[in-house]
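K.L.:
Below: one structure in structure tokens.
The values are calculated or read from the model by the stated rules, or taken from the named source; none is laboratory data. Just so it is clear, the model here is predicted, and its values are computed rather than measured. Glycine gets a Cβ as well: all are built from the backbone with ideal geometry, and neighbour counts include every protein chain shown.
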Amino acid sequence: MSAQVTAEALREVALSRDEYDLAVRLLGREPNTVELGVLGAMWSEHCGYKNSRPLLGMFPSEGADVLQGPGENAGAVRLGGGLAAVFKVESHNHPSAIEPYQGAATGVGGIVRDIFTMGARPVALLNSLRFGPLDERESRTLLAGVVRGIGDYGNSLGIPTVGGEIGFSPSYRGNPLVNAMCVGVAPADGLVRGLTGESGNVLLLVGADTGRDGIHGATFASVEDPQESHKGVIQVGNPFMEKLLMEACLELRGSPHVVGMQDLGAAGLTSSSVECAGRTGSGIEMEVSQISRRETGMTPYEVMLSESQERMLLVVTPDGVDAVRRVFQKWDLHSDVIGTVTDDGLLRVRDGAEVVCELPIHLLTEDVPRYTREGRPSAELLARRDRDVTPLVEGVTLPVQEQLLELLASPNIGSKRWAWEQYDHTIQTSTALGPGAADAAVIRVRQTGEGLALTMDCNSRHCLLDPYAGGMGAVVEAARNLACVGARPLGLTNCLNFGNPEKPEIYWHLSECIRGMSDACSALGIPVVSGNVSLYNESEGQAVNPTPVVGMVGSMPDVTRAVGTGFTEGSAVYMVSAGPAPTLAASEWLAALAGIDAGQPASPDLKGEARLHQFLQDGIQEGWILSAHDVSEGGLAVALAECSISGNAGLVATLAPEARSVEYLFGEAPGVVIIGVQPDLTATVESMSTQADLAWHRLGTAGGQDLAVDGFFTVEVEQLQSAHSRALGVPVTRVNP
Amino acid sequence: MKVGVVTFPGSNGDMDCIHVLEQIPGCEPELIWHKSTDLLSADALVLPGGFAHGDYLRGGAIARFSPVMREVARFAGAGRPVLGICNGFQVLTEAGLLPGALHRNQHILFRCAWVHVRVESNASPWLAGAQSGQVLKVAVAHGQGNYYADQDTLRGMHAREQVALRYSDTAGRISADSNHNGSVLSIAGVTNEAGNVLGMMPHPERSADPLLGSADGRVVFESLVHSLIGVAS
């Protein structure tokens, strides 16, 4: 029935023949070229979530503190003092693979727009980055460009970049992950939504002119191999323009004339207008000739699908257009009246007298095909998971002290200072615990003195080998990190980075990770309020490790109570745990020293985790816990070293008899923390841990110049610091621009 | 006492300055938009950090053409206190109100960190409350803070005590190790000949609260209040 459309035309918009046939059937006719482009964008994985939406329904998204759940530009949870925290994470993986500087910069730009679109003042940025091995030139070039792009854009906007993570693994070769998270604060009753309101309301397009950049970005984000697909579609960022847009939009917050706001991201004007109309149930009519262009000769197709950055769509009441435009004029921004809201449920685009596109909104939002696929692990993967790692462990003959120093100097564990010093993390004068200081970043809510704790986490090796345990692990680790600064989780956002979901093994990873995350969220009572899905992360047929990055926001009533990881001189140091015994299977130690990702990672004990987190939150708020650090990659030995490095204080530690093994020193298990306690309150801590049914062991007293673990090693803190600080080396030379 | 915070469209430290000034007894801060030529009868002016007009060309290169700058120059010329922080320092050098220039950091990269500076001269009203030789822990965050002036200019500046702040270690020793951006003579802050205009790359407003890591920067704002009220009474 679709004889007229060529395979080439379908490939260009990344639709299958079946999908095209479905669209024709629903529409009752063949779409024209502009309509086909619009359809391809809206039915892409990136906009339409056709592979992931059935799975995303597993996430619990409700809670007493949720002000906005999934489906808007960002999620929102309630803070004290009539305020809301608004947050979301988004990927910019494929653009960053091609042009790391601009790809990362525009990734930051996009997520920041999502936040101020909601009427929130952005107060913090975080990022989660993954690259191929650091000793490869391409990885270093990508790292250098991405870090610089993130820094230049965020720094320019005056939003502190306070935390995040950087990891390296061969699976990210050619397809790095660049996930950016932004957090904003808004009046709880003043959130702005992406709605159109009544028919007759006016559409205002504001900000940068529209150019040919980024056409098909959304569709190309939904196919494999960035090197091949993304050439020529990279957007270029202009943070100064974004700063003007941000200030102008925030000045308009609370204006009675503004009905809705929506930023232009993937699929540009097409998705932003369709999403607003879809949420409201209205129609929209636009006149493309009214849109200011950066280039001459642009077709309606190009205008509708351009992904030029730093643009916003506002829906304004007819009597308020002049007042709203005056605010943009103050900020030297021009605004175009480009259309109106209608009640016919259609997206109608005119180019002068000619109607170039007329499609039902419903077709673009609700009729997107949904695929529930069959997932199954490969035999090879199961064999890797079930492999006995004992012979591998026995093959590592390096002295224990050298093992520790090697891990500390390894790119995944070592200091990321080189990167985070390029990010302005002190602007807005509210960063209480910035990068490197604590398990989560802590910022002060200026209006109330409340502390906001923020973290991003994912162990993709665990997700690869056991996606259900890995998915749970990402959530519990994030919650544990918040608890380690004294905060209670309020909500979660995520970025699901996976390969091609049409492959059964990838689909299995995706669905199992989501199931694990959902179960952990339910057990810990943490709602998922926003998120992003990035599939088709593959390069030369090789998928990235499954990487469901969790971004979590928590709070504590009094920011001054927050604690960092560093040992304080004289504190009593304890190991407190609520989970399984540590294992070297699927550990960072095994990867770094034996060169292999294999074995079955330990699964968290969700009930135990909840008790552990409560214990930490109470102890920190009440002031008897002076420092806390979660044991993760590198195990107990690395965690102790990190506490020493950060606090500039040593420790002579005595291990429990059953813990005197390499497995205990470097093995990983969820649910273990190292705390430093007021020395005169040790009895309190011990009885509190026992009451909470947590296992505890007193390691020793912090202080001195050496970190010593009896029978295993004695190393000067200075030597630990020196190993840790050289992990990234100087990865870059010169990068553009 | 009114302190005007001059805000360019790309300023991003303006609200931080307002916030800290609100905490200083005697200060009433107010924003002054860059298109304005009315200084709102301010007693002192602060040019905050940021990227005034995007600054893709060079920090502060376009800001000097903003309408407010003619008034800022007149105000400075009358001997009244003006402080430029980070981008504000860049703007003041571009506008010719302070000697020298700020190059890209020697190591090329933007750098946000805690550093120490030694007070070289407390002749400026902005540093009158500090002791000469005192070491302050302050935040820096810039990509273009590598101070440069030629030898003749530097000689004159030394003679007139215009070098106000130099990067040092915690004990006040000055060496290449503590010179974090490659500035000539480790210079972190300078004044004009009369001393009423101070430009500094570190951020005193971000270093004025123990929660954030240091309160040493408060001395800059407290000195101003002390100097002006002292002068007035």
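K.L.:
Select the helices (runs of 4 or more DSSP H) contained entirely in segment A:238-319, then report the ones holding at least 1 residues which are among the aromatic types (Phe, Trp, Tyr).
P.N.:
Output list reads A:239-251, A:300-305.
K.L.:
Can I ask one more? Checking the condition buried (at least 24 other Cβ atoms within 10 Å of the Cβ), touching a Gly at 6+ places or on another chain (Cβ under 6 Å) and at pLDDT 95 or above, which residue from A:VAL529, A:VAL485 passes?
P.N.:
Being buried (at least 24 other Cβ atoms within 10 Å of the Cβ), touching a Gly at 6+ places or on another chain (Cβ under 6 Å) and at pLDDT 95 or above holds for just one of A:VAL529, A:VAL485, which is A:VAL529.
K.L.:
Another question about this same structure. Please go through segment B:115-149 and give me each residue that is part of a strand (DSSP E or B) and closer than 15 Å to B:CYS86 by Cβ, ordered by number. Spell out the reasoning first.
P.N.:
To start, the set of residues in segment B:115-149 that are part of a strand (DSSP E or B) comprises B:115-119, B:135-142, B:146-148.
Listed by number, the residues that qualify are B:VAL115, B:VAL117, B:VAL138, B:ALA139, B:VAL140, B:ALA141, B:HIS142, B:ASN146, B:TYR147.
K.L.:
I've got another one for you. Within segment B:49-81, how many residues are among the aliphatic types (A, V, I, L, M) and not in a loop (DSSP other than H, G, I, E, B)? Steps first, answer last, please.
P.N.:
First pass over segment B:49-81, keeping only residues among the aliphatic types (A, V, I, L, M): B:52, B:57, B:61-63, B:68-69, B:72-73, B:76, B:78.
After this cut, where a residue has to be not in a loop (DSSP other than H, G, I, E, B) as well, the list is B:63, B:68-69, B:72-73, B:76.
Number satisfying all stated conditions: 6.
Residues checked against (1) under 24 Å from B:GLY13 (Cα atoms); (2) not aliphatic (A, V, I, L, M):
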site: B:GLY143; (1), (2): yes, yes
site: B:TYR147; (1), (2): yes, yes
site: B:HIS158; (1), (2): no, yes
site: B:LEU165; (1), (2): yes, no
site: B:LEU185; (1), (2): no, no
site: B:PRO210; (1), (2): yes, yes
site: B:VAL225; (1), (2): yes, no
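K.L.:
Can you work out which of the residues in segment B:1-28 that are more than 17 Å from B:VAL68 (Cβ to Cβ) and assigned to a helix (DSSP H, G or I) is nearest to the other protein chains (Cβ to nearest Cβ)?
P.N.:
By that ranking, first place goes to B:ASP16.
K.L.:
Of the residues in segment A:655-712, how many are part of a loop (DSSP other than H, G, I, E, B) and either within 17 Å of A:GLN614 (Cβ to Cβ) or acidic (Asp, Glu) (or both)?
P.N.:
6
K.L.:
Within segment A:48-57, is even one residue under 19 Å from A:GLY491 (Cα atoms) and surrounded by fewer than 20 Cβ atoms within 10 Å (Cβ to Cβ)?
P.N.:
Yes: segment A:48-57 contains one or more residues that are under 19 Å from A:GLY491 (Cα atoms) and surrounded by fewer than 20 Cβ atoms within 10 Å (Cβ to Cβ).
K.L.:
To continue, here is another question. Looking at segment B:198-211 only, could you name the residues that are of a type in the set (A, V, I, L, M) and either more than 10 Å from chain A (Cβ to nearest Cβ) or in contact (Cβ under 8 Å) with a residue 40 or more places away in the chain (or both)?
P.N.:
From segment B:198-211, those of a type in the set (A, V, I, L, M) are B:198, B:200-201, B:208, B:211; that's our starting set.
Within segment B:198-211, B:LEU198, B:MET200, B:MET201, B:ALA208 qualify.
K.L.:
Of the conditions (1) more than 14 Å from chain B (Cβ to nearest Cβ); (2) surrounded by fewer than 24 Cβ atoms within 10 Å (Cβ to Cβ); (3) not in a strand (DSSP E or B), A:GLU165 clears all except one; give me its number.
P.N.:
That leaves (3) as the condition not met.
K.L.:
If I filter segment B:38-48 for residues that are in a loop (DSSP other than H, G, I, E, B), within 20 Å of B:VAL20 (Cβ to Cβ) and within 14 Å of chain A (Cβ to nearest Cβ), do I get at least one hit?
P.N.:
yes
K.L.:
Do we have any residue at all in segment A:8-17 that's out of contact with any helix residue (DSSP H, G or I) (no Cβ under 9 Å at 6 or more places or on another chain), surrounded by fewer than 20 Cβ atoms within 10 Å (Cβ to Cβ) and not in a strand (DSSP E or B)? Show your work before the answer.
P.N.:
Applying the first criterion (out of contact with any helix residue (DSSP H, G or I) (no Cβ under 9 Å at 6 or more places or on another chain)) to segment A:8-17 yields A:8, A:11.
Cutting the leftovers down to surrounded by fewer than 20 Cβ atoms within 10 Å (Cβ to Cβ) gives us A:8, A:11.
Imposing the further condition that a residue be not in a strand (DSSP E or B) reduces the set to A:8, A:11.
Looking for residues that are out of contact with any helix residue (DSSP H, G or I) (no Cβ under 9 Å at 6 or more places or on another chain), surrounded by fewer than 20 Cβ atoms within 10 Å (Cβ to Cβ) and not in a strand (DSSP E or B), one finds at least one in segment A:8-17, hence yes.
K.L.:
When you go through A:SER522, A:SER577 one by one, which is the residue that is in contact (Cβ under 8 Å) with a residue 12 or more places away in the chain and over 24 Å from the mean Cα position of the chain (by Cα)? Steps first, please.
P.N.:
On the way: A:SER522 fails: over 24 Å from the mean Cα position of the chain (by Cα).
Checking each option against the conditions leaves just A:SER577.
K.L.:
Something else: Applying the selection to segment A:140-163, what residues are under 16 Å from the mean Cα position of the chain (by Cα) and either modelled with pLDDT under 95 or among the hydrophobic types (A, V, I, L, M, F, W, C) (or both)?
P.N.:
Listed by number, the residues that qualify are A:VAL146, A:VAL147, A:ILE150, A:VAL162.
K.L.:
Here's a follow-up. Would you mind stating whether A:ALA602 is in a loop (DSSP other than H, G, I, E, B) and either free of Cβ contacts under 8 Å to residues at least 24 places away in the same chain or touching a helix residue (DSSP H, G or I) at 6+ places or on another chain (Cβ under 6 Å) (or both)?
P.N.:
Values: in a loop (DSSP other than H, G, I, E, B): yes; either free of Cβ contacts under 8 Å to residues at least 24 places away in the same chain or touching a helix residue (DSSP H, G or I) at 6+ places or on another chain (Cβ under 6 Å) (or both): no.
No, not satisfied.
K.L.:
Follow-up question, since we're still on this one. How many of the residues making up segment A:580-596 are surrounded by fewer than 23 Cβ atoms within 10 Å (Cβ to Cβ) and either at negative phi or in a helix (DSSP H, G or I) (or both)? So that I can check it myself, show each step before the final result.
P.N.:
Quick first cut of segment A:580-596, residues surrounded by fewer than 23 Cβ atoms within 10 Å (Cβ to Cβ) only: A:580-581, A:583, A:591-596.
Add one more test, that the residue is either at negative phi or in a helix (DSSP H, G or I) (or both), and what stays is A:580-581, A:583, A:591-594, A:596.
Number of matching residues: 8.
K.L.:
Restricting to segment A:431-441, what's the tally of residues that are under 15 Å from A:ILE159 (Cα atoms) and either more than 10 Å from every other protein chain (Cβ to nearest Cβ) or of a type outside the set (A, V, I, L, M, F, W, C) (or both)?
P.N.:
The qualifying residues number 4.
K.L.:
I've got another one for you. Looking only at residues that are under 17 Å from A:ALA248 (Cα atoms) and over 19 Å from the mean Cα position of the chain (by Cα) in segment B:34-60, which one is modelled with the highest pLDDT?
P.N.:
Among them, the one singled out is B:LYS35.
K.L.:
Only one residue in B:GLY79, B:GLY182, B:GLY84 is within 19 Å of A:ILE427 (Cα to Cα) and in contact (Cβ under 8 Å) with a residue 60 or more places away in the chain. Which one?
P.N.:
Numbers: B:GLY79 fails: within 19 Å of A:ILE427 (Cα to Cα); B:GLY182 fails: within 19 Å of A:ILE427 (Cα to Cα).
Residue meeting the stated conditions: B:GLY84.
K.L.:
Any chance you could count how many residues in segment B:110-162 are more than 14 Å from chain A (Cβ to nearest Cβ) and either hydrophobic (A, V, I, L, M, F, W, C) or farther than 22 Å from A:GLY434 by Cβ (or both)?
P.N.:
So the first thing to find is which residues in segment B:110-162 are more than 14 Å from chain A (Cβ to nearest Cβ), and the list is B:116-136, B:146-162.
Of the ones still in play, those that are also either hydrophobic (A, V, I, L, M, F, W, C) or farther than 22 Å from A:GLY434 by Cβ (or both) are B:117-136, B:146-162.
Count: 37.
K.L.:
Still on this structure, please answer the following. Would a scan of segment B:29-36 turn up a residue that is outside any strand (DSSP E or B) and either of a type outside the set (Ser, Thr, Tyr) or within 30 Å of A:GLY145 (Cβ to Cβ) (or both)? Step through it out loud before you land on a result.
P.N.:
Initial filter on segment B:29-36 (outside any strand (DSSP E or B)): B:34-36.
Cutting the leftovers down to either of a type outside the set (Ser, Thr, Tyr) or within 30 Å of A:GLY145 (Cβ to Cβ) (or both) gives us B:34-35.
Scanning segment B:29-36 turns up at least one residue that is outside any strand (DSSP E or B) and either of a type outside the set (Ser, Thr, Tyr) or within 30 Å of A:GLY145 (Cβ to Cβ) (or both).
K.L.:
Just give me the residues in segment B:55-76 being of a type outside the set (Phe, Trp, Tyr), within 29 Å of A:HIS425 (Cβ to Cβ) and surrounded by fewer than 18 Cβ atoms within 10 Å (Cβ to Cβ), in sequence order. Walk me through it before giving the result.
P.N.:
Taking segment B:55-76 as the starting set, the residues that turn out to be of a type outside the set (Phe, Trp, Tyr) are B:55, B:57-64, B:66-74, B:76.
Then keep just the ones that are within 29 Å of A:HIS425 (Cβ to Cβ); that gives B:55, B:57-63, B:66.
Across segment B:55-76, the qualifying residues are B:LEU57, B:ARG58, B:ALA61.
K.L.:
Here's another thing I want to ask about it. Looking at B:VAL184, B:VAL219, which one is under 17 Å from B:THR93 (Cα atoms), modelled with pLDDT of 95 or more and of a type outside the set (Gly, Ala, Ser)?
P.N.:
Numbers: B:VAL219 fails: under 17 Å from B:THR93 (Cα atoms).
Answer to the check: B:VAL184.
K.L.:
Here's a follow-up. Looking for whichever is away from chain A (no Cβ under 14 Å), surrounded by 22 or more Cβ atoms within 10 Å (Cβ to Cβ) and either not acidic (Asp, Glu) or not in a helix (DSSP H, G or I) (or both) here; the options are B:GLY88, B:GLY84. Which one fits? Steps first, please.
P.N.:
Numbers: B:GLY88 fails: away from chain A (no Cβ under 14 Å).
None of the other options fit; the residue is B:GLY84.
K.L.:
Go through segment A:318-342 and report how many residues are crowded, with 16+ Cβ neighbours inside 10 Å and out of contact with any strand residue (DSSP E or B) (no Cβ under 8 Å at 6 or more places or on another chain).
P.N.:
Qualifying residue count for the region: 2.
K.L.:
Residues to consider are A:LEU67, A:LEU125; find the one that is surrounded by fewer than 24 Cβ atoms within 10 Å (Cβ to Cβ) and part of a strand (DSSP E or B).
P.N.:
Working: A:LEU125 fails: surrounded by fewer than 24 Cβ atoms within 10 Å (Cβ to Cβ).
None of the other options fit; the residue is A:LEU67.
Conditions (1) among the polar types (S, T, N, Q); (2) within 13 Å of chain B (Cβ to nearest Cβ), marked per residue:
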position: A:LEU404; (1), (2): no, no
position: A:ARG417; (1), (2): no, yes
position: A:THR429; (1), (2): yes, yes
position: A:ARG444; (1), (2): no, yes
position: A:THR448; (1), (2): yes, no
position: A:LEU452; (1), (2): no, no
position: A:SER460; (1), (2): yes, no
position: A:ALA479; (1), (2): no, no
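K.L.:
Now for a separate question. Within segment A:389-404, can you find the residues that are surrounded by 20 or more Cβ atoms within 10 Å (Cβ to Cβ) and among the aliphatic types (A, V, I, L, M)?
P.N.:
Filtering segment A:389-404 down to residues surrounded by 20 or more Cβ atoms within 10 Å (Cβ to Cβ) leaves A:393, A:403-404.
Within segment A:389-404, A:VAL393, A:LEU404 qualify.
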